[in-house]
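The structure appears right after this line, and notes come after that.
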Amino acid sequence: MIGLHLATALALVVSFWRDWIRVIRGLSTSVTQWRIQTVDQRLARLIIMATNPVGVVGIALDKLFRTTLGRPVPTAIFLALNGIVLFITEQLWRGGTGRGGGALEPPPWRGRSSGLRTSCRTSGSRGMTMRQAMAIGAAHGLRGPLLAGSLAAFVAAYLATRYLVRYSDTRTLIPFAVYYTLAGVGSLAYFTIA
């Protein structure tokens, strides 16, 4: 599993390497100059500010996440909530018109979708590529399932990311929001009845 996660993470790094260079450059110049003047410097600082609370909560509530929130019912609830948040974010970003230019403009450092849209579309592709890679790795038996699965995960994640970036730049993410919400509600119904 570690090899598969690393491979999909590497595919995301490769897909967005230009963006990472801009963020790293923005962070280094904002630290050395002790000011924030450019969009890249601001973005780097915002990423740090957004990441730190998640890291602290993850460390502080690690046991809760593993024992309670990792169960099927809370996972189904979070999946449905993810769909609702994605739907609301999509409506705000598109201004209810089906086109960009709503209340949430794409970040000026990139003429593409917002960070939330990017994270939503890549989170779905990672799960899909992980399952595909495990199936390919298992099919190879003892002849290198880790390598075969990791390579398949990298290729699938890279291709899925490239496709989803192009897709979400020109089309709505509402189908993904509906899918997440229905899958979450359906899973919740199944696990509460079973």
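The values are calculated or read from the model by the stated rules, or taken from the named source; none is laboratory data. Keep in mind it's a predicted model, so treat the numbers as computed, not measured. Surface areas here come from the heavy atoms of the whole protein model, side chains and all, with no ligands, DNA or RNA. Shrake-Rupley method; radii C 1.70, N 1.55, O 1.52, S 1.80 Å.
Go through the residues of region 105-119 one by one and say whether even a single one is among the polar types (S, T, N, Q), within 24 Å of Arg22 (Cα to Cα), at pLDDT below 85 and not in a helix (DSSP H, G or I). Break it down into steps so the answer makes sense when it comes.
Step one: of region 105-119, the residues among the polar types (S, T, N, Q) are 113-114, 118-119.
Next, from what is left, pick out any that are within 24 Å of Arg22 (Cα to Cα): 113-114, 118-119.
Filter once more, keeping what is at pLDDT below 85: 113-114, 118-119.
With not in a helix (DSSP H, G or I) added as a condition, the list becomes 113-114.
Within region 105-119, one or more residues are among the polar types (S, T, N, Q), within 24 Å of Arg22 (Cα to Cα), at pLDDT below 85 and not in a helix (DSSP H, G or I).
Look at Thr129 and say whether it is at pLDDT below 85, among the β-branched types (Val, Ile, Thr) and open to solvent by 60 Å² or more (accessible area, probe 1.4 Å). It is false that Thr129 is at pLDDT below 85, among the β-branched types (Val, Ile, Thr) and open to solvent by 60 Å² or more (accessible area, probe 1.4 Å).
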